[in-house]
Structure formats: C-alpha cells, structure tokens
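What follows is a set of notes on a single structure, which appears directly below.
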Amino acid sequence: MGSIRWVLALASMFGTTMALAQTATPAAGQLEEVVVTATRRSESLQDVPMSITALNAATLEQRSVKSFIDYAGQVPSLAFADTGDGSGTARTISIRGVSGDNTTGFYIDETPVPDSIDPRVIDVERIEVLRGPQGTLYGARSMGGTVRMITTQPDLINFSGRVSANGGKTQEASNADYGVEGAVNIPLIQGTMALRAVAFYQHDAGFFKRRFLTNPADATNVGATANPTTLGNLPTSTVDDVARDNSYGAAASLAIKASEGLVITPRVMFQKADTNGLLYADGGSYPLPAVVGPVNMHPQGFLQARFFNLPEESKDSWVLASLAASYDARSFNFVSSTSYFDRTVDETEDQTDFLWQALEAPFDGIPLGDVTNPNTPLYHAVPIPATIRELKQIHRFVQELRVTSRVSGPWQYVAGVFFSDTRGRVPYAGYYPPSIAPGISQTGGFVVQGIPGLPIPVNPLNPDEIFAQDYQTKVSEPALYGELSYAFTEAWKATVGLRAYRVHTETGGYLEGIAFGGPRITDPNTSTTESGVNPKVALEYKLSPDKLLYADAARGFRPGGLVPSIPGNSTSDPLGCFAQLQALGYTSAAQTKSYSSDRLWNYELGAKTAWDDNRLTVDGAVYLTKWDQIQQLVALPCGFQFRANSGQAEIKGFDLVIHGRPTANLDLSAGAGFQHARITQGSPLLPALQDGARVYEVPDWTANAAASYTVPLTTESALVSTVTYSYTGDSVSASVSANAPRLRPGYNLLDARIAYRLRNYEFAFVGKNLTGSEANLGDNRSLAAETVGRPRIVVNAPRTLGVEVRAKF
C-alpha cells in the first residue's frame, strides 16, 4: 500500500496524469462514491462505461470555482477559445479535439443552452463533463462531448441556507473586486412543498487602460506625424478601469410533491453582466499591415492605444424558465422537462482603425510610405471616430419526455422524445442607431481590388452608414431517441442506441451600408431541411466489482444551416469581398449561402479501476475519431464570413485520470489529455489547413493536478489548504492564414486557497493565477473586421489575491 501512495504522489507532482478531488470519508480514508446522471439514470461514476470528469460541490468550493475558466482547466482534453463575432457569444468549447461552434453540448440540469454562456457556479451540486460523442442521449450539438451543470434541488424536509462574501485586488486594476452570494431552502409545507432561492452580485474591477488623443482635433495630424499604436508625440490621455464587469443574478425553484412518486419543480433563473470594455489585449505588429510570416500572438500588455476615447461595452442577459416533472413508478421513471431560454447580447466596438485602413485611405495591403523612413507618412487620411454595435437575440423552447427503466433484470432502457424551437435575430448595427462614420462618404474614394479612388457606394437614405443588418433565423428540431442494454452475465453487458432527428432551418433579412455596397439588399426567406439517424454501440466487461473495461463506437453530428449574404459583385464591393471569393474558387456569392451538417465516428477503449480498498482510482481511455465534411468558418479579410463544408480530420488521443487519498487528510489528483488532431484532407477554402495541419484551437496536451490537505485543529475546527495547477498546450488560431500563421502559445495557471473552518463558518485566503500568466484565450473576430496587423487577443485576469467569508445555517 505504501508504494502505491508514493507512485500517486509523484504522478501528481509531475502532472503527467489527472483526476478530480472529491471529499473523502475522513474516518475510513476512502474516496467518497460519486453519483452521476450522465446516462440519464443515477449511477456511480466508476460504474459508467464512459470517460467523465465530475466535480462535486465540495470540490468546487475548495477551489473557489466561480466561472467557466475556473473549472475548464481541471478537465482533461477540454479546451476553449473566443473565435466568433463580438465577446459575449464568441467562446466555443472543444473536447477531444472537436472544435468550432456547436460541437459541445452545454446543459443546465435537463435544459440545453448555448455553450457560450457562463452561468455563475453557485448552488451547484456538481459539474459533469462527458467526453466523446453524446449524440444518442444529448443530440446534435454534442459531437465532442457534453458539459452538464447540475444544480441543487429544493429539499422538502430541512431548512438550510448559506451566505458568502469576497473581496480582493487584481494586478493592473486600480480598484478592488468584491461580491456577495447566498442561497436559502425553505420547506413551505413539510414534506410536500419547498422553495429554494439563490442570488449573487459580483464586481470585478477593470485591469485594462485606454490611451487616446487628448484633443480630437489632433487627428488631422495623425497621417503625417503619428504612429497609430504610440500616437506619436501628440498629447494623450488615459482612462483606467477598462473592462470592469458588474454581474448579478438570481434563481428561484419550487418543489411540489403532488403525489407519491410525483414531484413537480418550476424554476426561473436569470443572469446579467455589464462590462464597460472588452478583455482584449493588443497583439501583432500594427501599424505595419504588410506583415508576412508568423504573427506574435502573445498578449502585449494591458494598454489599448486608440485614436479617440470611444468606450466599448458588452451587456449580456439571459433568463431560463423551466418546468420539470418526475414520476417514479415501480418499474420506470418518467421525466418531463419544459423550458424557455431567452438571451440578449448587446455589444459596441471601436472600428475607427479598421475603417481608417480599409475605406478612408487608399490602402490595398501595402503602406504608401517607406516603413524604414519615420518621416514618410504611412497613411494620408484623417481617422474618423466610429463605433459598431451588434445585438444578438435568441429565444429557445425545449420539450423533452423521457422514460428510464428501474427494473433489476438484464434488460435496461432509456427512451425519449425531444423537440426544440429556436428563434434568433441579429439586428447588426441597424436595429438601433446604425453604424455611422460622420463624413466618411466625403473622403473621396476607396480601394477596390487595389485600385484607389473609386467612388464610395452609399445608402442614399443614410450616406455615412457603414453597415446595418437585420437577420432572423428559425430552427426546429424534433427527435426520437433510445438506448437498450442487455446483461448477458454479471460481467458482460451490451448497449445499442439510436437517435432519429430532423432539422429544419429558415432565414431571411436585409443588409445595407457602405460595407455592403450601399443601398439595402433583401435576403429572401430561405429554408433547408436535414434528417438522419445517429447510432451507438457499446460493450462492457466487469473484471471485478471495482474494475470495468468498455469499448464503444458512436456517431456525432452538427446541423447545417444558412447564413446571411456577403457582397457578391465587383462594382459595389468597397472591401474587395468578391475578389477574395474568386481567389477561393467561388463564382457567385450565392454559393456561400448554405452549408450542410458534418459528422464523425468515434471509436473508444476504456477502463475504470479502483484500488487499495477504494483509496485510489485510475481511469483511462484511448480513442480514434474520424471527422468528415468539416464545417469551416471562412473569415474573409474584408470582414464578412460564411460557413462551408470542406476537408477531413483524424483525431487520436487518450485521457488518463488518477485520484487518491494517500492519508486520511491528504487528497491528491492529477491527469492529462492528449489529442493529436490533424487534417487528413485539406481545404481549398483555408490555405493554412492542408494535409497534416493541426485542427485549429486544439492543443495537443492538457494536464492538471490538485492537492488538498486538511489539518484538524480541534473537534470543531480545521485548516484546509488547496492548490490547483493546469496546463494548456499551444494551438493554431482559427484566424488561419497561409502567409501569416498564428500559433497561440501554451499557458500554465496556478491557484491556491487556504481556509480556516470553525463549525459552520469559514475564512479563506485565495490566490488566482499566482504566476501572473498572460494566457491567449483566442484572437477574437471583431464586430467590424480585424485591423490588419493588430489581432485582439482575449486574455485571462492577471494575478488576483483576495479573501472569502462563508457561513452555513
């Protein structure tokens, strides 16, 4: 037994493997059994033939987990990046190398929600991360896996509550961080009805600064005397507390025991975040646009240098209303889940620099001046202050009915009916006041395919309008699914599953403004329909009660869809989109309007084992994924984008999870994920993604380790110390370019927490990002378009030190 403990300790120190720390039974020194519902029934984690990470409430509290980034690094083979438009809806999650929009399912209890939201981790029973395709039970958007946030349900018997407060200071910020949260459970009718309410407020100070021209009139001298990064020797001013975030939210749920076995639970939860800036560091080599070769993708500090003091902001609010009913009969459990999700994201960005490059100056990708001579102006135009605003709205209704067997015989089943109706609207700049650059229509010309001086095509109703759009989408998805298992013996069991689906998409809207060629163009209502079947087959073998082997093959898919039109002719295309399409082999912009689903097959072998009287668990899996007709986001330099199916990929990898308790007071965990995700058939649409290239946004390696040590002081008090470490390897940016490849550097994050517990009270010191790592979390796709030579890099918070006070009653 002693040798096992030393091996475990060494594995944790070097971070070669990974696991999750759970609260053990101190007297026995054993690991506590973890119960999950990943297969839609309650089972011990070690009995589920699937690669899963489950972080329970005690672990989340010990590690001061509040948001997605706090727990994402604790999951092997999980990566994420901000790759889409704007900030609030840009984040995507990849599991086992399957990256891109809608490749990872995200659930709050029984409800699927967009994977870009970041629910506050408060009153959460556990977080489950399922690795591998979950297309049978969880549907279309679980190609790589599924993240499930399981909240605490109302208790019909006991009154309870808790409250906590936090405060701290983030490096580079001029103000303090602080927040408060609480939860209360009230039995209204003992054993029959209970109310559970949760609320929080959090203020996170901004750690960016914005430097700008003190006198806006100095902009007339910019072209001849100033560098747009340094603003030359002109007088400047600076504001701090940029990217300050105020967030708050609440939830209320009511559990009603209507009869023996029947519990009805209505709930409403909402969350809102208001940020006065964006977590974007400047990178690259701006203002030299003709950069060739690798782009520096390390964040360049926390200063945002701009011509004008144009505040950027993001407002993100969502509401989830649900009604769940669960009925336990002798031989089955019936669940009905009804939900309505509503989200609005309202964002504003400064687009001055992009317009200065693309429209106001005769700019064709090559500076006019001699870059070796500081006395030669690079541009001849005067920058015009301009912002662009985007509003995204989503409304989703979901109904699911499910039956799960509760019999003890060899046959087990899960069967269900699923339906969702999603309505989306993107009034881009035009629904509210449109994107305006006052006087830009009088600047004298712009560049089309390298030819300067052509007249700007304006919207006659609003000549200085840069761009406006109002685009609406409707997606309906009915599905039937089921899994059937048969135990041949006590050791052998086989499972087969199917999900039949149909996806119908309708879109339509309008686009207008200088960037789109001037007058309004209407996209007529268009629709597309796809249907199919997702199969799964699995086999498991129990070597002993605490050792399980399994093998499975499963298919995953992601629905296709329709996108807005992009400029499609050479006579009214000020940004050169048509020429860029022709370079990719397109002859008409209409060819970019639709894209179809992509699919993959995953083949997996895994093992779950417990040792030393359940003081040590070692779980692992190896897998091979074949991905076909990959949906590629093609982001044109002109600022417009579309989706297309092109290319194939193969992903080979493994997950290894180890968790143990060498002594009654020491909990150690460590692990690793490896995903060798490579293109096997290149894409003519993305020159950087050719045979052998890495799948974008996927690190080859992820690893983490955690240690928690408890020192009993008295019978009612203790000192608990927790240290967590995570590593994410480098990855290729989704903003691919054959001439300027982008490699996102890897990063390490180190957190620590030491807490003094006295009965139901706790006082803790917390440190986040103790090494001060500046992590590249993605080079964001700007609302307008990226200013050439200056990626906007999403970064994590610098080193943060603080305190937490908790009380339970």
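On the stretch given as segment 664-719, residues that are of a type in the set (Asp, Glu) and buried (at least 22 other Cβ atoms within 10 Å of the Cβ) total 2.
Number of residues in segment 622-638 that are within 28 Å of SER782 (Cα to Cα) and open to solvent by 20 Å² or more (accessible area, probe 1.4 Å): the value is 4. Would you pick out the residues in segment 509-547 that are buried (at least 21 other Cβ atoms within 10 Å of the Cβ) and among the charged types (D, E, K, R)? Within segment 509-547, GLU512, LYS536, GLU540 meet the criteria.
Among the residues of segment 566-582, which ones are open to solvent by 40 Å² or more (accessible area, probe 1.4 Å), farther than 16 Å from LEU633 by Cα and at pLDDT 80 or above? Before you say what the answer is, go through the steps one by one.
Applying the first criterion (open to solvent by 40 Å² or more (accessible area, probe 1.4 Å)) to segment 566-582 yields 569-571, 580, 582.
With farther than 16 Å from LEU633 by Cα added as a condition, the list becomes 569-571, 582.
Hit for segment 566-582 is GLN582, nothing else.
Would you say ARG196 is in a strand (DSSP E or B) and more than 30 Å from ASP241 (Cβ to Cβ)? Before the answer, list the steps.
On the way: in a strand (DSSP E or B): yes; more than 30 Å from ASP241 (Cβ to Cβ): yes.
Considered against the rule, which asks whether it is in a strand (DSSP E or B) and more than 30 Å from ASP241 (Cβ to Cβ), ARG196 comes out as yes.
Kindly evaluate GLY232 against the criterion of being at pLDDT 95 or above, part of a loop (DSSP other than H, G, I, E, B) and buried (at least 16 other Cβ atoms within 10 Å of the Cβ). Answer is no for this residue.
Yes/no matrix, rows are residues, columns are (1) open to solvent by less than 30 Å² (accessible area, probe 1.4 Å); (2) at pLDDT 95 or above:
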site	(1), (2)
VAL732	no, no
PRO741	no, no
LEU750	no, yes
LEU758	no, yes
ALA764	yes, yes
ASN769	yes, yes
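Looking across segment 681-730, the residues that are modelled with pLDDT under 95 and in a strand (DSSP E or B) come down to GLN681, ARG694.
Give me the residue from segment 61-73 that is in contact with a Lys or Arg (Cβ under 9 Å, 6 or more places away or on another chain) and open to solvent by less than 10 Å² (accessible area, probe 1.4 Å) and, out of that set, nearest to SER116 (Cα to Cα).
Within segment 61-73, the first condition is being in contact with a Lys or Arg (Cβ under 9 Å, 6 or more places away or on another chain), and the residues that meet it are 61-64, 66-68, 70-71.
After this cut, where a residue has to be open to solvent by less than 10 Å² (accessible area, probe 1.4 Å) as well, the list is 64, 68, 71.
On the way: SER64: 21, PHE68: 10, TYR71: 15 Å.
The extreme case among them is PHE68.
The residue that is farthest from SER337 (Cα to Cα), among those in segment 386-409 that are open to solvent by 60 Å² or more (accessible area, probe 1.4 Å) and assigned to a loop (DSSP other than H, G, I, E, B), is SER408. Scanning segment 731-787 for residues that are under 30 Å from GLU390 (Cα atoms) and in a strand (DSSP E or B) returns SER731, VAL732, ARG742, LEU743, ARG744, ASN776, LEU777, GLY778, ASP779, ASN780, ARG781. Only one entry of ALA358, ALA415 meets the criterion of being small (Gly, Ala, Ser) and either part of a loop (DSSP other than H, G, I, E, B) or at pLDDT below 95 (or both), and that entry is ALA358. Just to be sure, is THR214 in contact (Cβ under 8 Å) with a residue 24 or more places away in the chain and hydroxyl-bearing (Ser, Thr, Tyr)? For THR214, the condition - in contact (Cβ under 8 Å) with a residue 24 or more places away in the chain and hydroxyl-bearing (Ser, Thr, Tyr) - is not met. Restricting segment 717-774 to residues that are aliphatic (A, V, I, L, M) and closer than 19 Å to SER669 by Cα leaves a set whose member that is farthest from the chain's Cα centre (by Cα) is VAL720.
The strands (runs of 3 or more DSSP E) found wholly in segment 89-187 and carrying at least 2 residues that are open to solvent by 10 Å² or more (accessible area, probe 1.4 Å) and over 21 Å from ASP342 (Cα atoms) occupy 124-131, 160-170. Checked against the criterion of being modelled with pLDDT under 95, within 29 Å of THR39 (Cβ to Cβ) and touching a Pro at 6+ places or on another chain (Cβ under 9 Å), the candidates GLU530, GLU540 yield just one match: GLU530. Within segment 75-89, residues that are at positive phi sit with their Cβ atoms under 9 Å from residues that are of a type in the set (D, E, K, R) and surrounded by 23 or more Cβ atoms within 10 Å (Cβ to Cβ), at 6+ positions apart or across chains, in these pairs: SER77/ARG96; SER77/ARG131; SER77/ASP655; GLY86/GLU347; GLY86/GLU349; GLY86/GLU390. Taking segment 597-621 as the range and being crowded, with 16+ Cβ neighbours inside 10 Å and closer than 20 Å to SER142 by Cβ as the test, the residues that pass are SER597, ASP598, ARG599, LEU600, ASN602, GLU604, GLY606, ALA621. For segment 246-297, residues that are at pLDDT 95 or above, over 30 Å from LEU401 (Cα atoms) and among the small types (Gly, Ala, Ser) total 2.
State whether the residues of segment 548-562 include one that is charged (D, E, K, R) and either without any contact (Cβ under 8 Å) to a residue 12 or more places away in the chain or open to solvent by less than 50 Å² (accessible area, probe 1.4 Å) (or both).
As a first pass, look at segment 548-562 and keep what is charged (D, E, K, R): 552, 555, 558.
Pick out the ones that are also either without any contact (Cβ under 8 Å) to a residue 12 or more places away in the chain or open to solvent by less than 50 Å² (accessible area, probe 1.4 Å) (or both) and you get 552, 558.
Yes; the residues of segment 548-562 include at least one that is charged (D, E, K, R) and either without any contact (Cβ under 8 Å) to a residue 12 or more places away in the chain or open to solvent by less than 50 Å² (accessible area, probe 1.4 Å) (or both).
Within segment 236-283, can you find the residues that are open to solvent by 40 Å² or more (accessible area, probe 1.4 Å) and under 30 Å from GLU774 (Cβ atoms)? Before the answer, list the steps.
At the first step, the residues of segment 236-283 found to be open to solvent by 40 Å² or more (accessible area, probe 1.4 Å) are 236, 238-240, 244, 248, 252, 254, 256-260, 262-264, 266, 268, 270, 272, 274, 276, 279.
Scanning segment 236-283 gives THR236, THR238, VAL239, ASP240, ARG244, TYR248, LYS272, ASP274, ASN276, LEU279.
The values are calculated or read from the model by the stated rules, or taken from the named source; none is laboratory data. Small disclaimer: the values here were computed from a predicted structure and weren't measured. Heads up, the Cβs are rebuilt from the backbone with ideal geometry, glycines too, and the neighbour counts pull from every protein chain shown. Please note that ligands, DNA and RNA were not included when accessible areas were found on the heavy atoms of the full protein model with its side chains. Shrake-Rupley method; radii C 1.70, N 1.55, O 1.52, S 1.80 Å.
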